[in-house]
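Take a look at the structure below.
The values are calculated or read from the model by the stated rules, or taken from the named source; none is laboratory data. What you see is a predicted model, and the numbers here were worked out from it, not measured in a lab. Positions of Cβ are generated from backbone atoms using ideal geometry, with glycine treated the same way; all protein chains shown enter the neighbour counts.
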Amino acid sequence: MSQPAAALATIELDLSDVKPRVGQEVGGAEPLEPCSATDIRRWVMAMDYFNPIHWDEQFARASRFGGLVAPQSFAIAMDYGHGVQPACVGRIEGSHLLFGGEEWWHYGPRIRPGDQLSHRRRFYDYKVTDTKFAGPTLFSRGDTVHVNQHGAVVCKERATSIRYLAAEAERRGLLNKAAGKPPHWTPAKLQAVQKERTDWMLSNRAGRTPQIEEVRVGDQLKRRVLGPHSLVSFATEYRAFIFNIWGTQRWVAPAGVADPWVNQDAGWLEEFGFDEEGAKIDPRLRDGLYFGGSRGHVDASRATQIGMPRAYGFGATMGAWVTDYIAHWAGHDGFVRYSNTSFRGPAYEGDITYIDGEVLDAKADSMWGEPLLSIAVKMTNQDGTILATGRVDVELPRCRAAPVSV
């Protein structure tokens, strides 16, 4: 056997602490206070989501909502760990994690200033796949149910984490090659990007909801553009998650679970873990941008330690971009019921992200009592590289004056 083959044969993931936890409820953290209008505004600012019902008090009061209302994507901002907590369970020495995708089910209650969510989390399942970028790689899924202060279930997320040996990914260097070189943006190109960004913003600023009769299979949604992404935009996204702000959370554990995996060591590289004791004095020691697992998002030298070529964006915000994209098109009376997005690669520093949508299917009746559209979503960068693909089911009101024919 050749030396390279022998070396590859010895690579394995130690799942001894993962296997016994499948199906088990897990802990995490909960926000100490209800969300505020400022929290919502900070979120839409970070997501570059211009819809005025989420930040403009005067506009929102004149809308059917009668005041500010959070976008549906905001639920993730009120969760701990970008929603990945129940999908990252068990210690794997020398590992790192990427967000691989997520499913969302939305049940109806809108989030408004003053609401407070609690969470029920469970480690759902896992599988191991041999990947080119890191060899044996763990794909694990975890569920989070978001419940408001009235006991109503707002939504449910099923997150997929990708856990791999950081040293092996760095040795192979495939993520580095796939990213390409940082793009150069001329003033003319940036002006074109800004125009496309503004055109999308104005495409449904009034929040008009298309009726189901107006929509046809194959219809193309207006393209959305985000970026160029930068260290500033990545840091702004990170700070919009409420749990990332010092002193905003408390650790919780489900009752009756002997080992509920609350704030435990997942086996990160030494410089990517937290110092929980030290953080009681200096909160930077558990602040992911200064010290911890998120450093690679804003520090290229840290990114290379886990196989990335340069600073890169967050999977959780990619999912939010998708939800916001469809919600903006669907208007004030539309409602995203389900989404399933698979993340294939991150948005790197300097890149542009484009989002496109196409109507796949239209149903006159659904379990929700209203028509439902299925929309295919694709996310690409300036080179045409696919960053994410998915499907979103969005509810539109039927025309009350005539029967629906789809």
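For this structure, a couple of remarks:
- Matching option when the condition is touching a residue at least 40 places away in the same chain (Cβ under 8 Å), crowded, with 22+ Cβ neighbours inside 10 Å, among the small types (Gly, Ala, Ser) and out of contact with any His (no Cβ under 7 Å at 6 or more places or on another chain), among Ala316, Ala327: Ala327
- Filter result for Gly90 (farther than 28 Å from Arg158 by Cβ, modelled with pLDDT of 95 or more and in contact with a helix residue (DSSP H, G or I) (Cβ under 8 Å, 6 or more places away or on another chain)): no
- Pair list, Cβ under 9 Å, 6 or more apart: segment 49-72 residue under 25 Å from Gln194 (Cα atoms) and hydroxyl-bearing (Ser, Thr, Tyr), other residue at pLDDT 95 or above and not in a helix (DSSP H, G or I): Tyr49/Trp55; Tyr49/Pro71
- For segment 243-291, a residue qualifies if it is within 19 Å of His82 (Cβ to Cβ) and either surrounded by fewer than 12 Cβ atoms within 10 Å (Cβ to Cβ) or among the aromatic types (Phe, Trp, Tyr) (or both), and the qualifying residues are Phe243, Trp246, Gly247, Arg250, Trp251, Trp261, Asp265, Trp268, Phe272, Phe274, Tyr290, Phe291.
- Screening Trp104, Trp185 for residues that are surrounded by 15 or more Cβ atoms within 10 Å (Cβ to Cβ) and closer than 30 Å to Gly369 by Cα leaves exactly one candidate, Trp104.
- Restricting attention to segment 253-282, the residues that are out of contact with any Gly (no Cβ under 7 Å at 6 or more places or on another chain) and of a type in the set (A, V, I, L, M, F, W, C) total 6.
- Taken together, the residues in segment 136-154 that are in contact with a strand residue (DSSP E or B) (Cβ under 6 Å, 6 or more places away or on another chain) and either basic (Lys, Arg) or on the phi > 0 side of the Ramachandran plot (or both) amount to 1.
- The numbered conditions (1) in contact with a Leu (Cβ under 9 Å, 6 or more places away or on another chain); (2) modelled with pLDDT under 95; (3) of a type in the set (A, V, I, L, M) are all true for Val217 except (2).
- The listed residue being buried (at least 18 other Cβ atoms within 10 Å of the Cβ), at pLDDT 95 or above and not in a helix (DSSP H, G or I), out of Asp39, Asp48: Asp48
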